[in-house]
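K.L.:
Handing you this structure, nothing more for now.
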Amino acid sequence: MAPITMNHITKVYGDGYPAVNDVSLEIADGEFMILVGPSGCGKSTLLRMIVGLEDISSGDMLIGGERVNEKAPRDRNLSMVFQNYALYPHLTVYENIAFPLRLKGVSDDEIKRRVEEAATTLELTEHLQRKPSQLSGGQRQRVAMGRAIVRQASAFLFDEPLSNLDAKLRGQMRTEILRLQRRLDTTTVYVTHDQTEAMTLGDRVAVMRKGVLQQVASPRELYEQPLNLFVAGFIGSPPMNFLPAAIEDNQVKLPFLSYPLPREVAAQIGDSDLLIAGIRPEHFADSSLVDEHKRDRGTTFEVKVDVTEWLGSQQYAYVPFEAPEEINRHLAELQQELDGEQMRTQMIVSLDPASRIRDGAKAELWLDPSRVHLFDPRTGKNLTRDAKAEAPAATATSSASGSASSAPAPAPASSSAAASSTAPASSAAAPAPASAPASGSAGSAEPPAPDGSLRPT
Amino acid sequence: MTGSATATRPKQRRQRSISVGGAILIVVYTMLPIAWILSLSLKSPGDLTNKKFLPSHWTLANYRTVFKTSLFTDALRNSIGISLIATVIGVVVATFAAYAIARLDFPGKRVILSLALAIAIFPQVALLGSLFSMWRAVKLYDTWPGLIIPYVSFTLPLSIWVLSAFFREIPWEMEQAAQVDGATAWQAFTKAIVPLAAPGVFTTAIIAFFAAWQDFAFAITLTSTNRARTVPAALAFFTGASQFQQPTTAIAAGAIVVTVPIIILVLVFQRRIVAGLTAGAVKG
């Protein structure tokens, strides 16, 4: 158990391409940190640099306060679960789990005790004498985890451990990993491209893009206060809708509605008259189903629904719209980075399953404009980001009940200015383990972002 | 629907009979010479011209003869010793070389591989003359090392190619997992990689052993006495029980004696060669 500190870590490959670019990240003792991003963003490379399988081009890697840049993997006392498990096929499950202990020269009795203990934890006891090839995917995955937990490692590293499992098993193993981590309370770094894993497992999540750290925050903050267009588009499923937002006469004109331009945004945009608006699908609602007392907070508008998808627990409606060429270009680029493909400009609206809105029909939707994020298309910066949300995650969430106060939190000025590059300084300082349970307890339907700050006056 | 089913059935039957017929043809073609040698080895020397495939009288006299001849027994000893030593050296060197080629990125990797291939296809006979002169000059002529050296150098390229293909198939993660688990590079190699490459190592060992075991050109050129002469060369000097008879039957017996170990070897190890030991190592 040890904290892991990364100071300006960079990895440059032979062709000069920086796979990981100036990443600074502090992972507290016992914290569950997720590294997430689209494929090729450098998250696995970063993990492999922590464990020592990849050389560090520049920067310092500290584990438990000790610089480990030049240490061999075996001297770092970390354990790792590989994507393909990397079990030794010629050894039994017992010997696979015992392997790290055997290398350390632990006595046979001690090995037996510890392997059996790990096997009990992971419910592998009856498989101990079998070979990996006789096990199912989920069992193999557990063996790999057994091999990781059997010795008292300083930290656990997971490299997309669930990506080889089918969807159902993945869900089960995900909770299993979380339970294990909570019980052992060991620092954990977990690489994934699956945002469900990222959101559910992590105390904090580090979003990476092209080797650069975009934002490090609690899952809740990432979702509600993304730092930039990339994070906003990456986190959330179905993804955030991006609409062209023309600025005219202090009004934000979206394809279907317009609302007054928030003051703090007006101060930032200068003379640019075209922004990108980001709206989560669930922030729309069927206006006929909106509570009376809530209705006044938002605007209603009419759209033509193209297709609806009814899933039982929710319902999605697709609304096509036209967007200017410039915005389309930005969005297509963003989609490509997010491993997606933009076929048409359409808006996804998440509706109550009780809604009677049907395919091809005209529908009246409701939206609270204070929930709309505005992004600068050139820099991708979120102009409506609530500065308070950037305060150390733990304090922000633990004081969520009192967050109606509109006074800006005393967040360091430098951190709010940290736009798209590395912004760990402020969030890293947070005593993060407290943040996850805290954010859970604050889990009312309302976001912690106080409405007042975003609302048009 | 039933119509199409009945239409496909005769077609399938025809395809099946063609493949079975083809298999029989190949087996007969390859086994006939061996069966012939076997029957020859069981004929008495005088029975050689009985104009029948099978001997008139079955006899083991030829086997007694070859094992009584020091020419043959010495050659057998040389064959076993030289082939085994050449195999061991070849496999060990090839394992290290192949591992380096498969895993490490170093300048000249391509050159080494292409050179190895060039050596593998180089006509060995072209070297015989110069080797003969050289070995006599450096006192390697008619010695075990005199044969082991060319055997090792000519089997190495193929061994390296086979083994590096095997090593490349083993996931990198195996070794990295071992290193993270606390193994040194050497431990990771011996405890994780070599056991996984075992089928490859066996295959290579058998190829190397065969090459040395059945070589005739080097053996006949670089030896002159029983000191280092191997069986294939020795058979050429065979005179049989009496020098007034054709030694054909005795030579046939000798040939059978040296073929048997090869057959046993293949039968014993074929499962290991074929078995995919890596099954289950990764997702699957």
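No lab work stands behind these numbers, since they all come straight from the coordinates. None of the values given here were measured: they were computed from a predicted structure. Cβ: placed from backbone, ideal geometry, glycine included. Neighbour counts: every protein chain shown.
K.L.:
Please report how far the C-alpha centroid of the stretch A:195-254 lies from that of the stretch B:91-151, rounded to the nearest whole angstrom.
P.N.:
61
K.L.:
Using label points projected 7 Å from each Cα along Cα→Cβ, tell me how many nm separate A:ASP339 and B:ARG16, to one decimal.
P.N.:
Between A:ASP339 and B:ARG16, the simple spin-label model gives 4.7 nm.
K.L.:
Let me ask you something else. Running a GNM on chain B with Cα contacts under 10 Å, which residue among B:VAL201, B:VAL266, B:VAL91 ends up with the highest mean-square fluctuation?
P.N.:
B:VAL266
K.L.:
Let me ask something additional. Would you work out if the stretch A:60-133 is rounded, prolate or oblate? Take a ≥ b ≥ c from the square roots of the eigenvalues of the alpha-carbon gyration tensor; rounded if a/c is under 1.5, else prolate when a/b is larger than b/c, oblate otherwise. All intermediate terms of the calculation are to be shown ahead of the outcome.
P.N.:
Working: a/c = 2.33, a/b = 1.80, b/c = 1.30.
It is prolate, given that a/c is not under 1.5 and a/b is the larger ratio.
K.L.:
From zero outward in steps of 10 Å, how is the percent of C-alpha pairs of the stretch B:1-127 spread across the bins?
P.N.:
The percentages, shortest bin first, are 9, 15, 18, 20, 20, 14, 4, 0.
K.L.:
Which of B:ARG77, B:ARG16, B:ARG229 moves the most in a Gaussian network model of chain B with Cα springs under 10 Å?
P.N.:
B:ARG16
K.L.:
Cα-based Rg of the stretch B:70-237 per 2.2 N^0.38 Å, rounded to two decimals?
P.N.:
On the way: Rg = 18.3 Å, N = 168, 2.2 N^0.38 = 15.4 Å.
The stretch B:70-237 yields a ratio of 1.19.
K.L.:
Please work out whether the stretch B:5-50 counts as rounded, prolate or oblate from its C-alpha gyration tensor, where a ≥ b ≥ c are the square roots of the eigenvalues and a/c under 1.5 means rounded, while otherwise a/b larger than b/c means prolate and anything else oblate? Could you put the intermediate results ahead of the total?
P.N.:
Values: a/c = 7.53, a/b = 5.26, b/c = 1.43.
Judged from the Cα gyration tensor, the stretch B:5-50 comes out prolate (a/c at least 1.5, a/b above b/c).
K.L.:
Hey, which of these cross-link pairs are over 20 Å Cα-Cα: B:LYS68/B:LYS139; B:LYS43/B:LYS68; A:LYS253/A:LYS304; A:LYS43/A:LYS104; A:LYS210/A:LYS381; A:LYS131/B:LYS191? Don't skip to the end; give the middle numbers.
P.N.:
Values: B:LYS68/B:LYS139 31 Å; B:LYS43/B:LYS68 18 Å; A:LYS253/A:LYS304 18 Å; A:LYS43/A:LYS104 30 Å; A:LYS210/A:LYS381 17 Å; A:LYS131/B:LYS191 16 Å.
Checking Cα-Cα distances, B:LYS68/B:LYS139; A:LYS43/A:LYS104 exceed 20 Å.
K.L.:
Mind checking the full-extension length gain between B:TRP36 and B:PHE216? Use 0.36 nm per residue of separation minus the Cα-Cα distance, one decimal, nm. Mind showing how you got there, number by number?
P.N.:
Working: separation 180, 0.36 × 180 = 64.80 nm, distance 2.12 nm.
Stretched fully, the B:TRP36-B:PHE216 segment lengthens by 62.7 nm.
K.L.:
Mind sorting B:ILE148, B:ILE119, B:ILE263 by how few other Cβ atoms lie within 10 Å of their own Cβ, fewest first? Each step should come with its number before you reach the end.
P.N.:
Values: B:ILE148 23, B:ILE119 15, B:ILE263 11.
Going from sparsest to densest Cβ surroundings: B:ILE263, B:ILE119, B:ILE148.
K.L.:
Using only the alpha carbons of the stretch A:1-141, determine the length spanned along each of the three principal axes and report them from longest to shortest in whole angstroms.
P.N.:
Computed over the Cα atoms, the extents are 48, 31, 26 Å.
K.L.:
For chain B, state the semi-axes of the equivalent ellipsoid (square roots of 5 times the eigenvalues of the alpha-carbon gyration tensor), sorted largest first and rounded to whole angstrom.
P.N.:
Semi-axis lengths for chain B are 40, 34, 17 Å.
K.L.:
A further question follows. Top mean-square fluctuation among B:ALA98, B:ALA118, B:ALA205, Gaussian network model of chain B, C-alpha springs under 10 Å?
P.N.:
Most flexible of the set in this elastic network: B:ALA118.
K.L.:
What percentage of all Cα-Cα pairs in the protein assembly as shown are separated by more than 39 Å?
P.N.:
Working: 152557 of 274170 pairs.
Percent of Cα pairs beyond 39 Å in the protein assembly as shown: 56.
K.L.:
Separation of the stretch A:276-328 and the stretch A:114-142 by C-alpha centroid, Å?
P.N.:
About 48 Å separates the Cα centre of the stretch A:276-328 from the one of the stretch A:114-142.
K.L.:
Could you give the nm distance between label points at B:THR49 and A:GLU117, where each point is 7 Å from its Cα heading toward the beta carbon?
P.N.:
Computed distance between label sites B:THR49 and A:GLU117 equals 8.8 nm.
K.L.:
Related question: Which of the GluC sites (Glu not before Pro) found in the stretch A:46-111 are in a DSSP loop and have at most 15 neighbouring Cβ atoms, other than their own, within 10 Å?
P.N.:
Values: sites: A:GLU54, A:GLU66, A:GLU70, A:GLU95, A:GLU110; in loops: A:GLU54, A:GLU70.
Filter output for the stretch A:46-111: A:GLU70.
K.L.:
Where does the stretch B:118-180 land on the Kirkwood hydrodynamic radius, alpha-carbon pairs, in angstrom?
P.N.:
Details: mean 1/r = 0.0693 Å⁻¹.
In the stretch B:118-180 this quantity evaluates to 14.4 Å.
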